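**Student:** Pasting a structure here, questions to come.
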Amino acid sequence: MKKYQVLLFDLDDTLLDFQKNEYEALGALFQRLNHPLTDEIRRLYHGINQDMWRAYERGELEREVLLNTRFARLFEALGEQVDGPMAEGIYREELGKGAFLIDGALEVCTALSRRYPICIATNGVGRTQRQRLTDSGLAPLVSQVFVSEEIGCAKPGEPFFRYVFDHLEGISPKNMLLVGDSLSSDIRGGINSGMDTCWYNPKGGESGETAPTYEISNLRELLPMLLEEA
């Protein structure tokens, strides 16, 4: 393996278990709304939310519109009404309380941070992501955090990664490794920006036409890959 100068990690479902975080936050929101939450409603929300985030990543939807209307759209699909910004505020508050680590994340980042600067590249809301980093114990191990809300554009767009490169002066994209779970926002975005990529693929999915430089199913696989060659 080649030597890298910087490691760039995705956050959600790469280092932090966003699916568990989301499950807990959605349950807390519906409890505070005094509304039953069924598996069917969860599936409906996930479909609406994923479609909206993909539109955001493609530059077709503004972040504020996404955040302030996703719950309104959900309740409209249920034949009901809810104050979208109010529901989003409660959900965001509950989401910020969750900092569930992916297996091996703290161990791996602790070891790698002794040899490499570790940076975070995440689509999301700055305050929430930074709070989760702090609560998880990862924050002291991270050199820089790049959040789509704060940058004003999202992965996998070229402007997002150009912003990252501009703030890592003197480091070429070819000397960086991007580690992430999303083929669309992480791996394709990294490839298109000239970086080597490592697909974190714990569920054994197929990469299709996307060709990451490396593929792992457990974060601990990074240790021999990156430390023995460092």
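The values are calculated or read from the model by the stated rules, or taken from the named source; none is laboratory data. Keep in mind it's a predicted model, so treat the numbers as computed, not measured. Note: ideal-geometry Cβ built from the backbone for every residue, glycine included; neighbour counts use all protein chains shown. Only protein heavy atoms, including side chains, enter the accessible area calculation; ligands, DNA and RNA are left aside. Shrake-Rupley method; radii C 1.70, N 1.55, O 1.52, S 1.80 Å.
**Student:** Please list, ordered by first then second residue, the pairs with beta carbon atoms under 7 Å, 6 or more apart or interchain, first in region 1-28 and farther than 28 Å from Ile171 by Cβ and charged (D, E, K, R), second open to solvent by less than 30 Å² (accessible area, probe 1.4 Å) and in a loop (DSSP other than H, G, I, E, B).
**Tutor:** Asp17/Ile102; Glu24/Gly98
**Student:** Continuing with the same structure: Can you pull out the strands (runs of 3 or more DSSP E) entirely within region 160-228 that have at least 3 residues that are within 15 Å of the chain's Cα centre (by Cα) and closer than 18 Å to Asp103 by Cβ?
**Tutor:** Passing ranges, in order: 196-200.
**Student:** Right, something else. For region 29-47: of the residues being within 18 Å of Glu94 (Cβ to Cβ) and of a type in the set (A, V, I, L, M), which is least open to solvent (accessible area, probe 1.4 Å)?
**Tutor:** Leu29
**Student:** What tally of residues in region 194-230 results from selecting those that are in contact with a Phe, Trp or Tyr (Cβ under 6 Å, 6 or more places away or on another chain), open to solvent by 20 Å² or more (accessible area, probe 1.4 Å) and in contact (Cβ under 8 Å) with a residue 24 or more places away in the chain?
**Tutor:** 1
**Student:** Looking only at region 113-129, filter to residues that are among the polar types (S, T, N, Q) and outside any loop (DSSP other than H, G, I, E, B); which one of those is farthest from the chain's Cα centre (by Cα)?
**Tutor:** Ser113
**Student:** Check whether at least one residue in region 75-91 is acidic (Asp, Glu), touching a residue at least 60 places away in the same chain (Cβ under 8 Å) and closer than 19 Å to Gly27 by Cβ, and report yes or no.
**Tutor:** There is no residue in region 75-91 that is acidic (Asp, Glu), touching a residue at least 60 places away in the same chain (Cβ under 8 Å) and closer than 19 Å to Gly27 by Cβ.
**Student:** Find all pairs meeting these conditions: Cβ atoms under 7 angstrom apart; at least six residues apart or on different chains; first residue within region 130-156 and part of a loop (DSSP other than H, G, I, E, B); second residue among the hydroxyl-bearing types (Ser, Thr, Tyr).
**Tutor:** Ala154/Tyr56; Ala154/Ser148; Lys155/Ser148; Lys155/Ser185; Pro156/Ser184; Pro156/Ser185
**Student:** Related question: What is the one condition in (1) more than 24 Å from Ala99 (Cα to Cα); (2) modelled with pLDDT under 95 that Glu22 does not satisfy?
**Tutor:** (1)
**Student:** Could I ask something else about it? Step by step: first the residues of region 75-124, then only those that are acidic (Asp, Glu) and under 21 Å from Asn21 (Cβ atoms), then the one that is surrounded by the most Cβ atoms within 10 Å (Cβ to Cβ). Which residue is that?
**Tutor:** Ranking the candidates gives Glu88 first.
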